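J.: Pasting in a structure now, in structure tokens, and then I'll have a few things to ask.
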């Protein structure tokens, strides 16, 4: 089995050692390099060619967002997973705009990070479960104001489909949750994305972040 090559960028040596021990203990992953600042990370990632870069947001000099932009500029297909203490929606949007494929909080369980690495390695987007909050349950009643602006063009089902997609649910999981067919969920997704001009899962996550659907509050 081919191992997923992971690169760690974090300015705290103790954190890097802990992450390295955790990741390397799993047969499907291997840490191929590490850096304590963004500038070094960009250079080393270019040379080492990892599958996933686990990127801390707050680092001295070049921060994680700037480093992510450069890494993605050098190789648009490179997968970057943001690791941060910040839970604010503004940070989530900043990291996604920089090109990150996922977002994990440092306070989350180790299993969350491992799941996130495997998810983004496959080309999917991952959001920390802690960011779901009440948004994880689209069946709960919400004020009409939640569908303000462009979102008002969506039906309730279309909006809820986008919310769950942004939170990491697959079409199959959403279909099972609502007792509908996968084809029906795909139709909701296609219609809502077309109405809002969203072309990819990352676009959907960015839009959801702007709407506050991924916030815990």
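J.: Every residue in the stretch 36-51 that is assigned to a helix (DSSP H, G or I) and over 21 Å from residue 124 (Cβ atoms), please.
T.: The answer is 38, 39, 40, 41, 42, 43, 44, 46, 47, 48.
J.: On to the next question. Of the residues 54, 120, only one is under 12 Å from the mean Cα position of the chain (by Cα), under 21 Å from residue 207 (Cβ atoms) and either outside any helix (DSSP H, G or I) or assigned by TED's automatic domain parsing to the domain that holds residue 17 (or both); which?
T.: 120
J.: On the basis of being in contact with a strand residue (DSSP E or B) (Cβ under 9 Å, 6 or more places away or on another chain) and either assigned by TED's automatic domain parsing to the domain that holds residue 112 or assigned to a strand (DSSP E or B) (or both), does residue 33 make the cut?
T.: It is true that residue 33 is in contact with a strand residue (DSSP E or B) (Cβ under 9 Å, 6 or more places away or on another chain) and either assigned by TED's automatic domain parsing to the domain that holds residue 112 or assigned to a strand (DSSP E or B) (or both).
J.: For the stretch 161-217, how many residues meet the condition of being assigned to a loop (DSSP other than H, G, I, E, B) and farther than 20 Å from residue 91 by Cβ?
T.: Qualifying residue count for the region: 9.
J.: Next question. So, in the stretch 64-108, exactly how many residues are over 15 Å from residue 125 (Cβ atoms) and in a helix (DSSP H, G or I)?
T.: Of the residues in that region, 13 qualify.
J.: Just wondering, is there one or more residues in the stretch 12-27 that are surrounded by 16 or more Cβ atoms within 10 Å (Cβ to Cβ) and not in a helix (DSSP H, G or I)?
T.: no
J.: Search the stretch 70-90 for residues being at pLDDT 90 or above and under 15 Å from residue 37 (Cβ atoms), and hand back the single one that is surrounded by the most Cβ atoms within 10 Å (Cβ to Cβ).
T.: 71
J.: Next up: Do we have residue 111 as more than 12 Å from the chain's Cα centre (by Cα), without any contact (Cβ under 8 Å) to a residue 24 or more places away in the chain and not in a loop (DSSP other than H, G, I, E, B) here?
T.: So residue 111 passes the test.
The values are calculated or read from the model by the stated rules, or taken from the named source; none is laboratory data. Just so it is clear, the model here is predicted, and its values are computed rather than measured. Neighbour counts are summed over all protein chains in view; Cβ atoms, including those assigned to glycine, are modelled from backbone coordinates with ideal geometry.
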